[in-house]
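Everything below concerns the one structure shown next.
All of the numbers you see were taken from the coordinates with simple rules; none came from a lab. These figures come from a predicted structure and were not determined experimentally. Every residue, glycine as well, gets a Cβ built from its backbone with ideal geometry; the counts of neighbours run over all protein chains shown.
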Amino acid sequence: MTSTRVRPHVALILGRTRAALFAFDGTICDLFAGVDTTAIAEKIHDRLFAQGHRMSLLTSIETDPLEMLAYAHHVSRDYGTEAEEIVRDAEMAAALTATPTPGAREALRACQTGGRRAAVVGATCSAAMETYLEAHDLRHLVGPVIGRDQRRPSSEAPIGLALARQAVKALGANPSDCTMVSQSVGGMYTASEAGIQAIGVVGKYGNRKHLAGIGGVRGSVVVSSLSQLAGALTTVPIADAFEASLEQL
């Protein structure tokens, strides 16, 4: 990979980045590409109805499987366990048909080449993320893989925030040395709440205007693609390593 011209504000973020947290669904891949996720939510609806549970009209028309999973956990532990099995089975199947996000492999490899650790984090079950990474020969480029099953049961923080904090801990890093890489506005806000930097990647889940709207959040920048980010990661050394090399001259 050839050297890339990097904008100063992007270089500043990357120079402080010793570890990167890559959001899984959307940034690493499109997990449910071509899959009708409404059917997954409906399966949870049906299971709850079959066991005599009655829900509000708004809940009965919910089409997001993760929202229904959270609802089932709220109703009872048993309902939550059943819903978790339904979603987990769907995610495991989807991991084998997911569509890779262009540039994801390059960005992960650039982290490794530049001496930066990488973690993959997301509200998907860890086993499905591991399956995807293994199937696409990416596992050797990644350290911790933190899914929703690794969220501490006692945590009252929103799941995204809890998982980001868990990933930072698993990396053995300081929050200020970490950067979240995400295509979503939500991912960038989560980074801010966790005290880490954020790089928004323009793509299916976030356009430049929306991602740039987080500009008021300290330590956030936007890049056009993961391929552009990979080039920047290759070009910009970790600040400490760069300063150390200068001292040796």
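Computed from the Kirkwood radius of its Cα pairs, the Stokes-Einstein diffusion coefficient for the chain at 37 °C and 0.692 mPa s stands at 174 µm²/s. Output the 0 to 90 degree angle, nearest 10, between the alpha-carbon long axis of helix 126-135 and the longest principal axis computed from the alpha carbons of the chain. The two axes meet at around 60 degrees. Okay, which of the range 56-90 sit inside 18 Å, backbone N to the point 7 Å along the Cα-Cβ direction of GLU156? From the range 56-90, the list is 74.
What FRET efficiency would be calculated for the residue pair ARG139, GLU193, taking the C-beta separation as r and a Förster radius of 35 Å, to the nearest 0.05?
0.75
Rounded, prolate or oblate: pick one for the range 52-93, where a ≥ b ≥ c are the square roots of the eigenvalues of its C-alpha gyration tensor, a/c under 1.5 means rounded, and failing that, prolate if a/b is larger than b/c, else oblate. Oblate, because a/c is 1.5 or more while a/b does not exceed b/c.
Just to verify a number: FRET efficiency for ASP64 and ASP240, C-beta to C-beta distance, R0 = 41 Å, to 0.05? Write down the numbers at each step before the final one.
Values: r = 42 Å, r/R0 = 1.02.
The pair ASP64/ASP240 has a calculated efficiency of 0.45.
The HN-Hα couplings worked out from phi for the range 140-151 by the Karplus form 6.51 cos²θ - 1.76 cosθ + 1.60 (θ = phi - 60°) are 6, 8, 10, x, x, 10, 10, x, 5, 6, 9, 6 Hz, whole numbers, x standing for Gly and Pro.
Find which of ALA90, HIS74, LEU226 sits farthest along the positive direction of the dipole of the chain, computed with +1 on the beta-carbon of Lys and Arg, -1 on that of Asp and Glu, about the Cα centre. Comparing the listed Cα positions along the dipole, LEU226 ranks first.
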